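Undergrad: Pasting a structure here, questions to come.
Bear in mind that the values in this text are calculations on the coordinates, not laboratory data. Because the structure is predicted, anything quoted here is derived from the model rather than measured. Neighbour counts are summed over all protein chains in view; Cβ atoms, including those assigned to glycine, are modelled from backbone coordinates with ideal geometry.
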Amino acid sequence: MIDIHCHILPAIDDGPGDIEGSISMARIAADDGISRIVASPHFKYDERPTIGDIRRSIAMLQEKVKEQNIPVQLLCGADIRLTYELINGIEKGDIPTVNESRYFLLELPDLVPPNLDNFLFSAELRGLVPVITHPERNYSLLLSPEKIVALRGSGALFQLTAMSVTGEFGSQVKSFSHMLLKKGYADFVASDAHGSRRRRPVLSKAYREVSGILGKKNTERIFFENPSAVIEDRPLKGHDL
């Protein structure tokens with residue numbers, strides 16, 4: 001499996017505090033059947049960590065993972081926070097996209113701004129495709145699910161969190177996640193892991209849950225085909241992006 005959203009880098013955000021924690025996460029992921037991980041720390045444009053910080057941290061961790069014979073490949077990305085300054089990064093082509101592809105992870109604030117569609121349109125004009133992370137845990141979207149339709153119409157893709165699908169974030173979030181899955185609004189499921197104890201890099205449990213809802217073919221698309229298309233910078237099947 002491919003995990004396109006994981007806070008695995010050490011001492012760079014609210015993920016593991018040291019390299020040992022990162023290696024432990026990589027080992028858990030490998031044992032769960034995850035072969036590639038997009039290292040995606042929190043990112044705000046014009047703040048630290050920079051793209052250079054992220055790349056250096058990935059290179060260092062990849063070397064340590066290789067020394068431990070853990071069969072996991074790390075790829076560059078970031079969980080990019082929507083801020084007013086981000087449009088400057090979009091215009092300059094200066095944001096950490098997933099594996100240097102057209103796709104980038106976009107974290108929305110709890111109160112979704114009314115002009116979000118303008119931002120998404122600006123990104124699209126520059127050939128970029130936003131993947132909104134954990135929409136099922138966004139306060140505004142939970143209260144007003146109809147906003148989901150508008151976001152889809154603006155070209156956004158959705159990444160659900162594995163623990164949301166399986167209920168670890170509560171029954172309301174689980175129900176919302178399952179609704180998004182049934183409506184065909186879930187393009188990816190990722191771990192959004194932050195450590196080796198509580199929010200762990202595990203996808204297999206969510207895979208089984210989604211299989212029971214959508215069947216094997218659609219589950220394979222969400223866990224394998226779509227993530228592969230993203231890291232290889234290909235259009236998703238059924239999406240003209």
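Undergrad: Counting just the residues of the range 200-241 that are in contact with a helix residue (DSSP H, G or I) (Cβ under 7 Å, 6 or more places away or on another chain) and either among the acidic types (Asp, Glu) or assigned to a loop (DSSP other than H, G, I, E, B) (or both), which one comes out surrounded by the fewest Cβ atoms within 10 Å (Cβ to Cβ)?
TA: That would be Lys237.
Undergrad: Continuing with the same structure: Yes or no: Pro135 under 19 Å from the mean Cα position of the chain (by Cα), surrounded by 14 or more Cβ atoms within 10 Å (Cβ to Cβ) and closer than 19 Å to Ser191 by Cβ?
TA: In short, yes.
Undergrad: Could you figure out which of (1) among the hydrophobic types (A, V, I, L, M, F, W, C); (2) in a helix (DSSP H, G or I); (3) in contact with a helix residue (DSSP H, G or I) (Cβ under 9 Å, 6 or more places away or on another chain) isn't true of Val149?
TA: Tallying (1) among the hydrophobic types (A, V, I, L, M, F, W, C); (2) in a helix (DSSP H, G or I); (3) in contact with a helix residue (DSSP H, G or I) (Cβ under 9 Å, 6 or more places away or on another chain), Val149 fails exactly one: (3).
Undergrad: Specify the residue that is surrounded by the fewest Cβ atoms within 10 Å (Cβ to Cβ); the eligible residues are those in the range 76-106 that are closer than 19 Å to Ile4 by Cβ and charged (D, E, K, R).
TA: Ranking the qualifying residues of the range 76-106, first place goes to Glu100.
Undergrad: Could you please let me know if Val129 is touching a residue at least 24 places away in the same chain (Cβ under 8 Å) and touching a Lys or Arg at 6+ places or on another chain (Cβ under 8 Å)?
TA: Considered against the rule, which asks whether it is touching a residue at least 24 places away in the same chain (Cβ under 8 Å) and touching a Lys or Arg at 6+ places or on another chain (Cβ under 8 Å), Val129 comes out as yes.
Undergrad: Please name all residue pairs, on different chains or six or more residues apart, with Cβ atoms under 8 Å, provided the first residue is in the range 59-71 and is assigned to a loop (DSSP other than H, G, I, E, B) and the second residue is surrounded by fewer than 16 Cβ atoms within 10 Å (Cβ to Cβ) and of a type in the set (Ser, Thr, Tyr).
TA: Pro71/Ser35
Undergrad: Of everything in the range 148-176 that's closer than 23 Å to Phe104 by Cα and among the small types (Gly, Ala, Ser), which residue is surrounded by the most Cβ atoms within 10 Å (Cβ to Cβ)?
TA: Only one residue tops the list, namely Ala162.
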